[in-house]
1. Of the residues GLY158, GLY133, only one is small (Gly, Ala, Ser) and surrounded by 16 or more Cβ atoms within 10 Å (Cβ to Cβ); which?
2. Does region 133-142 contain any residue that is more than 21 Å from LYS46 (Cα to Cα) and either over 55 Å from the mean Cα position of the chain (by Cα) or assigned by TED's automatic domain parsing to the domain that holds LYS46 (or both)?
3. When you check THR484 against the structure, is it surrounded by fewer than 17 Cβ atoms within 10 Å (Cβ to Cβ) and either modelled with pLDDT of 85 or more or touching a helix residue (DSSP H, G or I) at 6+ places or on another chain (Cβ under 6 Å) (or both), yes or no?
4. When ARG114 is evaluated against the numbered criteria (1) of a type in the set (D, E, K, R); (2) in contact with a strand residue (DSSP E or B) (Cβ under 9 Å, 6 or more places away or on another chain); (3) surrounded by 12 or more Cβ atoms within 10 Å (Cβ to Cβ); (4) closer than 22 Å to TYR145 by Cα, which criterion, by number, is the only one it fails?
5. For LEU82, are the conditions met, namely being touching a helix residue (DSSP H, G or I) at 6+ places or on another chain (Cβ under 8 Å), without any contact (Cβ under 8 Å) to a residue 24 or more places away in the chain and surrounded by 14 or more Cβ atoms within 10 Å (Cβ to Cβ)?
6. Would you please name the residue that is farthest from ARG302 (Cα to Cα), looking only at residues in region 441-466 that are of a type in the set (Ser, Thr, Tyr) and either surrounded by 16 or more Cβ atoms within 10 Å (Cβ to Cβ) or at pLDDT 95 or above (or both)?
7. Of everything in region 120-149, what is without any contact (Cβ under 8 Å) to a residue 60 or more places away in the chain, within 21 Å of TYR182 (Cα to Cα) and among the polar types (S, T, N, Q)? Give them in sequence order.
8. Which strands (runs of 3 or more DSSP E) does region 446-540 wholly contain that include 2 or more residues that are of a type in the set (A, V, I, L, M, F, W, C)?
Amino acid sequence: MEFLLMNWRPSHVCKTRTLLALGPDTMNLLQGVVALRHHTPDTDLKKRFMSRWSKLKHEGSPSFNSYALYAYDSVWLAARALDDFFNEGGNVSFSDDPRLKDTNRSTLHLTSLRIFDGGQKYLQTILKTNFTGISGQIEFDQEKYLVRPAYDILNIGGTGSRRIGYWSNSTGLSVIAPEILYKKPFNKNTTAQLYSVIWPGEVTATPRGWVFPNNGRPLRIAVPYRVSYQDFVAKDNSPPGVRGYCIDVFEAAVNLLPYAVPRTYVLYGNGKRNPEYSDLVFQVAQNNFDAAVGDVTITTNRTRIVDFTQPYMESGLVVVVPVKQAKSKPWAFLKPFTYQMWMVTGAFFLFVGAVVWILEHRMNHEFRGPPRQQLITIFWFSFSTMFFSHRENTVSTLGRLVLVIWLFVVLIINSSYTASLTSILTVQQLTSRIEGINSLVSSNDPIGVQDGSFIWKYLVDELNIAESRLVKLKDMEAYIKALTDGPRRGGVAAIVDELPYIELFMSSTKCAFRTVGQEFTKSGWGFAFQRDSPLAVDLSTAILQLSENGDLQKIHNKWLTHNECSIQLNDDEDDRLSLTSFWGLFLICGIACFLALTIFFCRILLQYRRFTPEPVEADVEEIGPPNTRSRRSLRSTSFKDLIDFVDRKEAEIKHMLKRKTSDSKDEASPSTDRRPRSLSAG
């Protein structure tokens, strides 16, 4: 039954005399109905008009309504506009319309029709007209609508109706007349209010709407009578007779519907073992039940015979295997890195140590001494940087630059090594060789599946697994015993089940079992209804609303709060760090060392060329460019002298260059027979 009447109905029926004339049966149907009627202010003009009308009308004349008031004002509107039209110099003339033509078979003489030439001007005059009529203010906006239209909100009860408020675009819902609110500043406290409504049945509680039609009987909803994982759905001695996560989600979704859904829950199964869920869905399709509510998985075959709602929980098939704590081995400390990583890391320790020694040797006394001591210094400095315990100080700018970059690399390597070693020492190992669904399918080991689940048919039909390998497991205790015993003692090598069950199972067993591989199917749980049921669509919208406002997560936390377990178990090889993860760091460090050495040797060569005098000119000049003469001069220098030059202290070289520059200035002219000074002198 509609609870809201549009304007044309209340304009006729919301008069006391009219309501009395409807009869008791009709009035019973209208009890509690809320109606809208055009609002006309109670002005003195309206009262005088109503008084004159009551004196003029004859007995038996129809009762007055709001449309009559608008009709009266419409006549005055046309008259006022016509008067203004003539005052503005308008005249009445007509012309033919070339678009109107007579047809041979038509009896209508369309060509005799004429068009009012001043029609557009007259229309604009009407739209500009502004006056107060008996229905209120007559004024139009730019879109040709009345300015500030309003409605009376009526509540029918007894033998009449009462006004419970007003509504307009400007003021919204209010118990104060709109024409009064227009004169006052907007105040939200005076709007969005109505007097109490007496709804059908003489109740003040707001009804939810119409009741879901089901031939006058409540919906018969089938609920699986589970013997395991009863946190999802189970029998309950108190109303409504069932409980669990799935039931709470369904009840919360139904409460969001704009109409009532009378329903009764019927347990499906004998309570001794889990029912066959495919049979449950088939019973809904056969009209034995109106719906199925529970942990029902949405599969392709099931969607062909019933309609499912939006999934309220994600699901997927996973493989569960037993695990054990790994025992520490004597060489476990080598596992974090691959052998390539160990070799490259060791080589870089020696390489960086040698680079720092080269850069510091000329100016840092800690990097000087006999060859044996210097070799020991290189090794000690290289590997002591691993623990940031090197005692030698770096004084050169290039040496410090290389050392800072290398210490950053060492910090990253140490942190990664520590994290990887911790993971390896605390990792759990598989007690079987099953690493995922592929290895499980290729083996001949028995596989456990939940009793009543669609998984049995899926493994047989889709993955071509022999039925002789499948073992039905009744409850969680059967899961634990089968996995613990293993194939050799009559158990199973692994269990294939849906992720929500497995998460609860692993949490209940304190993570004694783990999943391997990835989810190899993606699906979800939904509520099943008969084909073309409007409830499937409406409940899908309600489930989305539950998800958006966070209520779905609250229900999940209420029933399924459990300890988190690592969903996937990785092999030891996956935890080992390879060179691929660090080649960028080594590249940066190598480039820094190369640039530092390049700059260092360029400085050495420049100093050596300044230290070595120009060769004596011969009587006959050499023919060739200056660069050629320079290269020949360098080649003429002894390699031993260059090594001796590099091995000297930086301060000593600078002192010798300074003295050579001073001697050159003291000489009036260069000597042609002067020999180059030996590097061993001084």
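1. Working: GLY158 fails: surrounded by 16 or more Cβ atoms within 10 Å (Cβ to Cβ).
Result: GLY133 is the single residue among GLY158, GLY133 that is small (Gly, Ala, Ser) and surrounded by 16 or more Cβ atoms within 10 Å (Cβ to Cβ).
2. Taking region 133-142 first, the residues more than 21 Å from LYS46 (Cα to Cα) are 141-142.
From the residues that got through so far, the ones that are either over 55 Å from the mean Cα position of the chain (by Cα) or assigned by TED's automatic domain parsing to the domain that holds LYS46 (or both) too are 141-142.
Looking for residues that are more than 21 Å from LYS46 (Cα to Cα) and either over 55 Å from the mean Cα position of the chain (by Cα) or assigned by TED's automatic domain parsing to the domain that holds LYS46 (or both), one finds at least one in region 133-142, hence yes.
3. On the way: surrounded by fewer than 17 Cβ atoms within 10 Å (Cβ to Cβ): yes; either modelled with pLDDT of 85 or more or touching a helix residue (DSSP H, G or I) at 6+ places or on another chain (Cβ under 6 Å) (or both): yes.
Against the criterion (surrounded by fewer than 17 Cβ atoms within 10 Å (Cβ to Cβ) and either modelled with pLDDT of 85 or more or touching a helix residue (DSSP H, G or I) at 6+ places or on another chain (Cβ under 6 Å) (or both)), THR484 qualifies.
4. Only one criterion in (1) of a type in the set (D, E, K, R); (2) in contact with a strand residue (DSSP E or B) (Cβ under 9 Å, 6 or more places away or on another chain); (3) surrounded by 12 or more Cβ atoms within 10 Å (Cβ to Cβ); (4) closer than 22 Å to TYR145 by Cα is unmet by ARG114, namely (4).
5. Values: touching a helix residue (DSSP H, G or I) at 6+ places or on another chain (Cβ under 8 Å): yes; without any contact (Cβ under 8 Å) to a residue 24 or more places away in the chain: no; surrounded by 14 or more Cβ atoms within 10 Å (Cβ to Cβ): yes.
It is false that LEU82 is touching a helix residue (DSSP H, G or I) at 6+ places or on another chain (Cβ under 8 Å), without any contact (Cβ under 8 Å) to a residue 24 or more places away in the chain and surrounded by 14 or more Cβ atoms within 10 Å (Cβ to Cβ).
6. Of region 441-466, the ones of a type in the set (Ser, Thr, Tyr) are 442-443, 453, 458.
This time we only want the ones that are either surrounded by 16 or more Cβ atoms within 10 Å (Cβ to Cβ) or at pLDDT 95 or above (or both), so: 443, 453, 458.
On the way: SER443: 30, SER453: 13, TYR458: 13 Å.
Residue satisfying both the conditions and the ranking: SER443.
7. Selection gives THR129, ASN130, GLN137, GLN142.
8. Numbers: elements: 447-450, 470-473, 494-498, 513-516, 523-525.
Strands (runs of 3 or more DSSP E) meeting the threshold: 447-450, 470-473, 494-498, 513-516.
The values are calculated or read from the model by the stated rules, or taken from the named source; none is laboratory data. All of these numbers come straight from a predicted model, not from anything done at the bench. Because the Cβ atoms are built from the backbone with ideal geometry, glycine has one as well, and the counts that use them run over all protein chains shown.
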